[in-house]
Amino acid sequence: MRKKAVGFIIAGILVLVFGLVSTPARAEVSLGLVGGYYSPNFGEINDYLADYYGTDLKFEAREMYELAVGFDVTPHFRLRLEYQDFQSKTRGMGTYFDSYSWYKWTLTTTPLILSAIYRATPFYMGAGVGSFPTRVEVSGTQIGSDRDSPIGFVVLAGLEFMGEEEIFLNLEARYVSAEADLDEFGTKVDLSGFQVCVTTGLKFK
């Protein structure tokens, strides 16, 4: 399943790249910067912090950022490639081998997602697949890290508003489904959850 999904992402990126190279005069390419809020479930990782370390430490929802490139294959169908950056941190005191110690935990995920979008201006909806590289690090009394790059899926819906000189603004809601395995810590990170995003950018014909 993972190999098929990775193959799909690579194929989609190639389609997008060759499409940009051979873009006809009437086609549109868009470049957007995204700011938003990402609320993963986190799941086992937060239980792990509470149970193993005897603390109330937990990762929480935070802001996310993104760079998006889109290519209109037809007036109603668009391919979009996105690179996201999300980081959550938690720090505090807890027990480790019967001693009271200080910890700082950092979770970072940088998804690369390819989405197919159907447009019926101003509304649009779509679905995507991507790689979700995820890294968890701990510093303080204990030092360690682990990472995983699971395949995940996205469904989305939004509104697009066009301004003057091909400036656009998108309001979008997404649901992400992905889970990272952290063998080093013996736990998992549930990346599934909602994203609410605002995109602003330019379209080029």
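Rule-based calculations on the coordinates, nothing more; no lab input. All figures in this text were calculated on a predicted structure; none of them were measured in a lab. Cβ sites come from the backbone with ideal geometry, for glycine too, and all protein chains shown count toward neighbours.
Okay, here's what the table says:
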quantity: Nitroxide proxy distance, nm - points 7 Å out along Cα→Cβ at Thr106 and Ser139; calculated: 0.6
quantity: Rounded to whole Hz, the Karplus (6.51, -1.76, 1.60) HN-Hα couplings of segment 174-191, x for glycine and proline; calculated: 9, 10, 9, 10, 6, 8, 9, 9, 10, 5, 4, 9, x, 8, 10, 10, 7, 7
quantity: Rh by Kirkwood over Cα pairs, then Stokes-Einstein D for segment 71-182 at 0.890 mPa s and 25 °C, µm²/s; calculated: 147
quantity: Amide hydrogen neighbours beyond the local backbone of Phe77, cut-off 5 Å, H modeled; calculated: Arg119
quantity: Net +/- balance of residues flanking Thr90 in space, Cβ distance below 13 Å, scoring K and R +1, D and E -1; calculated: +2
